[in-house]
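The values are calculated or read from the model by the stated rules, or taken from the named source; none is laboratory data. Remember, predicted model here, so these are calculated numbers, not experimental data. Glycine gets a Cβ as well: all are built from the backbone with ideal geometry, and neighbour counts include every protein chain shown. Each accessible area value is taken on the protein alone, full model and side chains, heavy atoms only, with ligands, DNA and RNA left out. Shrake-Rupley method; radii C 1.70, N 1.55, O 1.52, S 1.80 Å.
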Amino acid sequence: MPSSALTAAHPLKDVTTSDSALRRFLHGLPGVDAVGLEGRAASLGTRSIKTTAKAYAIDLAISMVDLTTLEGADTPGKVRALGAKAAKPDPTDRTTPATAAVCVYPDMVAVAKEAVAGSDVKVASVATSFPAGRAPLTIKLADVREAVAAGADEIDMVIDRGAFLAGRYLKVYDEIAAVREACGTSARLKVIFETGELSTYDNIRRASWLGMLAGADFIKTSTGKVAVNATPANTLLMLEAVRDFRAQTGVQVGVKPAGGIRTTKDAIKFLVLVNETAGDDWLDNHWFRFGASSLLNDLLMQRQKLATGRYSGPDYVTVD
């Protein structure tokens, strides 16, 4: 069941009653020790895992992929092929798990929905004038409602980074809450911060709490359309935020790193971050996702290598 913005009984409800109260709360969050954060992320990234654990991690990572195509040249045929691949990533091996979702533009939701029919694969749609988020709220909400009406199970919205960086936190909060309402009870909401444009770790921490306060079901690093996307450090920081938010409110929120995660080795590093920071409760595709396009192919090749002892030829996986 999707969450909603804070109720009157919520322990943090008062911090969103005014711009000044919200600013006071967000700027009162502990400052981020950048050296310590990056050091811990790097240290966790060196952990090695045994072969049996690797097999489990690969299947878990496959099940967490939001298989994504967000290009101006997307066609119904490409989206149908993506949906088929998401439902049956390896048609030669029925034990291969399906991916969590396919992620497309709003006008491709109906096509994607038909392509994954009969499977557990969700359809996620970007919205709110993705990727820049530069549009009036009425247009952003129309974007969301159109995607939900077409059958989207999840909405990946982008925040107004300009408003956030200008310190207009209540405007950003109100937009997220409005999108949350437009999602209704059927669609979960992922809130994209575009961490590469937020400049500082302190801003990423503030954006994480702002998104969760406004009713995000997931907080997401990036659109995948800028130079700096998901990194171990910014994802670790967001994992700490969801952990601490649940400790204070009892509300669990998911995390989705997106962009730049291309190899099985990368994915396993992120799973270690999840396990060591947020814990087992987040090691499930209801609470952790990878926003990716090329990652799935590497996971499939590594999975086949573990099973057979050899890599397949270049025709083993499809080229998206």
Checklist entry - What about A115, is it open to solvent by less than 50 Å² (accessible area, probe 1.4 Å) and in contact with a Ser or Thr (Cβ under 8 Å, 6 or more places away or on another chain)? => result no
Item to check | Close pairs (8 angstrom Cβ cut-off, 6 or more residues apart or separate chains): at positive phi in the range 160-176, part of a helix (DSSP H, G or I) and crowded, with 16+ Cβ neighbours inside 10 Å anywhere | outcome: G167/R23
Checklist entry - If you take the residues in the range 127-140 that are among the hydroxyl-bearing types (S, T, Y) and open to solvent by less than 40 Å² (accessible area, probe 1.4 Å), which one is farthest from I155 (Cα to Cα)? => result S129
Checklist entry - Does P11 qualify as being open to solvent by 40 Å² or more (accessible area, probe 1.4 Å) and in a loop (DSSP other than H, G, I, E, B)? => result yes
Checklist entry - Within the group D120, D143, which residue is open to solvent by 30 Å² or more (accessible area, probe 1.4 Å), of a type outside the set (F, W, Y), at pLDDT 95 or above and within 17 Å of N285 (Cα to Cα)? => result D120
Item to check | Residue satisfying condition, being modelled with pLDDT under 95 and within 17 Å of the chain's Cα centre (by Cα), within set S312, S294 | outcome: S294
Item to check | Residue within the range 52-64 that is open to solvent by 40 Å² or more (accessible area, probe 1.4 Å) and aromatic (F, W, Y) present | outcome: yes
Item to check | Pairs with Cβ under 6 Å, 6+ apart, first in the range 46-73 and farther than 25 Å from D107 by Cα and in contact (Cβ under 8 Å) with a residue 24 or more places away in the chain, second among the basic types (K, R) and part of a helix (DSSP H, G or I) | outcome: I58/R303
Checklist entry - Which condition does A110 not pass, out of (1) out of contact with any Gly (no Cβ under 8 Å at 6 or more places or on another chain); (2) open to solvent by 10 Å² or more (accessible area, probe 1.4 Å), if it passes all the others? => result (1)
Checklist entry - Where in the range 149-250 are there strands (runs of 3 or more DSSP E), lying fully within it, with 2 or more residues that are open to solvent by less than 10 Å² (accessible area, probe 1.4 Å) and farther than 24 Å from R134 by Cβ? => result none
Checklist entry - Limited to the range 251-271, what total is found for residues that are surrounded by fewer than 19 Cβ atoms within 10 Å (Cβ to Cβ) and in a helix (DSSP H, G or I)? => result 1
Checklist outcome for this item: Out of (1) open to solvent by 60 Å² or more (accessible area, probe 1.4 Å); (2) of a type in the set (D, E, K, R); (3) modelled with pLDDT of 95 or more; (4) not in a helix (DSSP H, G or I), the one D90 does not meet is (1)
